[in-house]
1. When a/c is below 1.5 the answer is rounded, else prolate if a/b is larger than b/c, else oblate, so apply that to the range 1-40 with a ≥ b ≥ c taken from the square roots of the Cα gyration tensor eigenvalues.
2. For a Förster distance of 35 Å, can you work out the FRET efficiency between the beta-carbons of Leu29 and Gln113, rounded to the nearest 0.05?
3. Using the Cα gyration tensor of the range 49-116, with a ≥ b ≥ c the square roots of its eigenvalues, what is the shape: rounded (a/c below 1.5), prolate (a/b larger than b/c) or oblate (neither)?
4. R0 = 35 Å: FRET efficiency of Thr15 with Glu91, Cβ-based, nearest 0.05?
5. Of Phe49, Phe104, Phe58, which has the most accessible area with a 1.4 Å probe, and how do the rest follow in descending order?
6. Add -39500 (n - 2.57) for each DSSP H run of 4 or more in the chain, then divide by its residues: what number comes out at 222 nm, to the nearest 500 deg cm²/dmol?
7. With every protein chain present, what accessible area does Arg82 have (1.4 Å probe, heavy atoms only), rounded to the nearest 10 Å²?
8. Pick out which of Thr47, Thr57, Thr33 has the largest mean-square fluctuation in a Gaussian network model of the chain, springs linking Cα atoms closer than 10 Å.
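The values are calculated or read from the model by the stated rules, or taken from the named source; none is laboratory data. All values derive from a computational prediction rather than experimental measurement. When we count neighbours, we look across all protein chains shown, and the Cβ atoms used for this are built from the backbone with ideal geometry, even at glycine. Calculation scope for accessible area: heavy atoms of the full protein, side chains included, ligands and nucleic acids excluded. Shrake-Rupley method; radii C 1.70, N 1.55, O 1.52, S 1.80 Å.
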Amino acid sequence: QIDTALAQIEREIATKPDEPNGYNEYAWLAANTVDSETPPERLKKATRFSQRSLELTFDNASYLDTLAHCHAAEGNFDRAIRAQTLAARYEPHNRTIQRNLERFRSLAAEASQEVQ
């Protein structure tokens, strides 16, 4: 079902390549449905699409939140924290963004302890 939904979003992107929402939708869905079977190419595409959404609509906290999820899904917690921190600056009272920032910080701490 995820593959079907992502393919549908890609078709929408193809019809409206200058519309940022489709890129963000693809990235959000791909980053938030990761499991052990997820192909790494899907996450790379999700990150590219997320970045494209931000090129088209700069300074959007929701799109920055999506980018942070993409980076976290790839295991790049430093980048996830940077993107989420920027999202929190744009929307300092958004509790979801704040919770996600704390979650990414916790994941980064866990990952650094596993390395030690």
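1. Details: a/c = 2.91, a/b = 1.96, b/c = 1.49.
Cα axes put the range 1-40 in the prolate bin.
2. Values: r = 30 Å, r/R0 = 0.86.
Here the calculated transfer efficiency is 0.70.
3. Numbers: a/c = 3.04, a/b = 1.54, b/c = 1.98.
Since a/c reaches 1.5 but b/c is at least a/b, the shape of the range 49-116 is classed as oblate.
4. Values: r = 30 Å, r/R0 = 0.86.
Once rounded, the FRET efficiency stands at 0.70.
5. Working: Phe49 35, Phe104 0, Phe58 155 Å².
Largest to smallest exposure gives the sequence Phe58, Phe49, Phe104.
6. Working: 6 runs with 91 residues, N = 116.
About -25500 deg cm²/dmol.
7. 150
8. Thr33
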